[in-house]
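Here the structure is laid out as structure tokens; the discussion comes afterwards.
The values are calculated or read from the model by the stated rules, or taken from the named source; none is laboratory data. What you see is a predicted model, and the numbers here were worked out from it, not measured in a lab. Counting neighbours? That spans all protein chains shown, and the Cβs are built from the backbone with ideal geometry, glycine included. All accessible areas refer to the heavy atoms of the entire protein, side chains included, with ligands and DNA or RNA removed. Shrake-Rupley method; radii C 1.70, N 1.55, O 1.52, S 1.80 Å.
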Amino acid sequence: MLTVGGVAGLYSLKSHAMHYILFVSPSRDILAETQMEVKLGGISEGRVAIVKWRGKPVFIYHRTQSIIEQERAVVLSELRDPETDENRVKRPEWLIVVGVCTHLGCIPIPNAGIIPGGFLCPCHGSHFDAAGRIRKGPAPTNLEVPKYKFIKDDSVIIG
């Protein structure tokens, strides 16, 4: 009798726990947004494509060779949040960052500001360079680099 009661109690505890676990787990539409594939073939050199991922804009910047050289020549001691260009990109010609200013969450404007090829947040005047690093203004940190991987020469998976 004790064994049967114990098994029934454990089964009901498991069923009750699973109810709460499934209730707080993300729904299918949220899980579908966790990864996104983007074709890079349509982004010409010097242009920025903006895609929406997890409700945020992601900037995919096809950088020119002159912009790459400009960003690699930056002295790290001049930066508020020092990070090399090589640490922010997996392929030098492609910069992929979340397009949300780290100051108050505004959306920066690509190819604007005081740094050629950089980003400007017009609300409060934060200037980011072409590697997404903060150079001037109130933003405390660089633009976020999401997890991503290249699956082919012309495709990237974000997330």
* Structure fact -> Judged on accessible area alone, 1.4 Å probe, highest first, M18, M36, M1 line up as M1, M18, M36
* Mean accessible surface per residue for the chain, computed with a 1.4 Å probe while every protein chain stays in place, in Å² -> 59
* **Positive-end extreme of charge dipole, the chain - chosen from S25, V89, L13 (charges on Cβ)** => L13
* Structure fact -> Answer in debye to the nearest 20: the dipole magnitude of the chain about its Cα centre, from +1 Lys/Arg and -1 Asp/Glu charges placed on Cβ, is 380
* the stretch 119-159: radius of gyration and largest Cα-Cα distance (Dmax), Å -> 13.5, 38
* Solvent-accessible area, 1.4 Å probe, carbon plus sulfur percent, for the stretch 24-121 -> 53
* To do: Taking the Cα centre of the stretch 7-47 as origin, work out the dipole magnitude from +1 charges on Lys and Arg Cβ and -1 charges on Asp and Glu Cβ, in debye rounded to 20.
  => 140
* To do: With a 1.4 Å probe and every protein chain left in place, tell me how much accessible area D154 has, in Å² to the nearest 10.
  => 70
* State the Cα centre-to-centre distance between the stretch 85-109 and the stretch 1-63 in whole Å. => 23
* ³J(HN,Hα), Karplus 6.51/-1.76/1.60, whole Hz, each residue of the stretch 86-101, x for Gly, Pro -> 5, 6, 9, 10, 9, 10, x, 7, 10, 9, 10, 9, 6, x, 10, 4
* To do: With only alpha-carbon atoms counted, please give the Rg and Dmax of the chain, in Å.
  => 22.2, 80
* Per-residue HN-Hα couplings for the stretch 122-127, Karplus 6.51 cos²θ - 1.76 cosθ + 1.60 at θ = phi - 60°, whole Hz, x for Gly and Pro? -> x, 5, 10, x, 7, 10
* Accessible heavy-atom area order of S25, S77, highest first, probe of 1.4 Å -> S77, S25
* Specify which residue in the list A49, G118, M36 is farthest towards the positive end of the charge dipole of the chain, using unit charges on the beta carbon of Lys, Arg (+1) and Asp, Glu (-1), about the Cα centre. => M36
* Asked: Which listed residue (A139, Y61, L104) has the Cα farthest towards the positive end of the charge dipole for the chain, taking +1 on Lys and Arg C-beta and -1 on Asp and Glu C-beta about the Cα centre?
  -> L104
* To do: Considering only protein heavy atoms, with the full assembly of protein chains and a 1.4 angstrom probe, order T3, T141, T64 by accessible area, largest first.
  => T3, T141, T64
